[in-house]
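Read through the structure below, which is laid out as structure tokens, and then see the notes.
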Amino acid sequence: MEKRSVALVTGASAGIGRDTCRVLAHAGYDLIAVARRRDRLEALAAELSTCGCRVFPLVVDLRQREEVLRALSELPEDFSAIDVLVNNAGLAIGVDPLQEGDPAEWDVVLDTNVRALLTMTRAIVPGMIERGRGHIVNIGSIAGRQTYPGGAVYCATKAAELALTRGLGMDLVRTPLRVTTIDPGLVETEFSVTRFRGDKGKADAVYHDLTPLGPADVAEAVRWVVTQPPHVQVSEIVLFPTCQAAATVVHRGSGA
Ligand code: 8X3
């Protein structure tokens, strides 16, 4: 039996990460699914076993660099050659003006959106170079390209993600590896619930009377970029719902 390629997806327990696992499983990948919630990863593994995909649940807190590096160094042999790295995990907390923000919350956002991406990339890319194959897909945001009020820290992390993706692409240009950023606008996931610190009403209002992207739409973009022929590198995608034209330009009246 031909060996399946291996993809590692962070933030795999929900939203874009979980749907990315689903589409990559159906595209023939085995998966290292990274998240803190073991029960969710085990449910995903059970679901995806029906399409012949093997899922290795990597239960770690991405903010704990040593823990992450130890877990990666202990991967079973079958999962140790990673072909695709999807740095998806990310979050925003609060919409406070910067001058009123909580530095402890900033740390969580910076650690998850920037430092964890760096840790994963630094740990996994050298093996890809040795094997002469690999694709790093970073999930960014329109927020990395357009800043908006109350979003300074989150936007800064996504601007960092964009710069890191572009810089990595330059650093790897002499290799067969590919680097992509996929930068969505409005996607309906748990993202807004977290951003509004659990206030479901405020989170729902973000998507009121419009049709946002779903996580599966972003996952489909991941599938598309990783299944291009080896000489094709999709470097950047900005993905909006049809009712959106910029971070703060949204037409309501188009949804349920
Ligand atoms: C999340 C999308 O528009 O709220 O990355 O910044 S947005």
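Structure above, values below:
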quantity	calculated
Region 1-86: C-alpha gyration tensor shape, a/c 1.5 cut-off, then a/b vs b/c	oblate
Residues whose placed amide H lies under 5 Å from that of residue 135, excluding near-sequence neighbours	84, 85, 178
Ranking by accessible area, most exposed first, for 236, 42, 74 with a 1.4 Å probe	74, 42, 236
Förster radius 35 Å - calculated FRET efficiency between residue 100 and residue 209 (Cβ-Cβ, nearest 0.05)	0.75
Table column - 3J(HN,Hα) (Hz), region 88-105, Karplus curve with 6.51, -1.76, 1.60, x for Gly and Pro	10, 4, x, 7, 10, 10, x, 10, 6, x, 3, 5, 10, x, 9, x, 5, 5
Linear extension gain, residue 200 paired with residue 236, 0.36 nm per residue minus alpha-carbon span	9.8 nm
Relative contact order (%) - criterion: Cα under 8 Å, at least six apart; region: the chain	19
Residue order for 98, 72, 85 - accessible surface, 1.4 angstrom probe, largest first	98, 72, 85
Heavy atoms of residue 128 accessible to a 1.4 Å probe, total area in Å² rounded to 10	0
Alpha-carbon Rg with Dmax, taken over the chain, Å	17.7, 58
Accessible area (Å², per residue) of region 198-242, counting only protein heavy atoms and a probe of 1.4 Å	53
Overall Cα dimensions of region 45-148, principal axis frame, Å, largest first	49, 33, 27
Heavy-atom accessible surface of the chain: percent carbon and sulfur, 1.4 Å	53
Modelled FRET efficiency - R0 41 Å, residue 129 with residue 46, Cβ distances, 0.05 increments	0.75
Positive-end residue of 179, 142, 95, charge dipole of region 80-222 with Cβ unit charges	179
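The values are calculated or read from the model by the stated rules, or taken from the named source; none is laboratory data. Because the structure is predicted, anything quoted here is derived from the model rather than measured. Note that each Cβ is placed from the backbone with ideal geometry, even for glycine, and that neighbours are counted across all protein chains shown. For the accessible areas, the whole protein counts, side chains as well, though only heavy atoms, and no ligand, DNA or RNA atoms are used. Shrake-Rupley method; radii C 1.70, N 1.55, O 1.52, S 1.80 Å.
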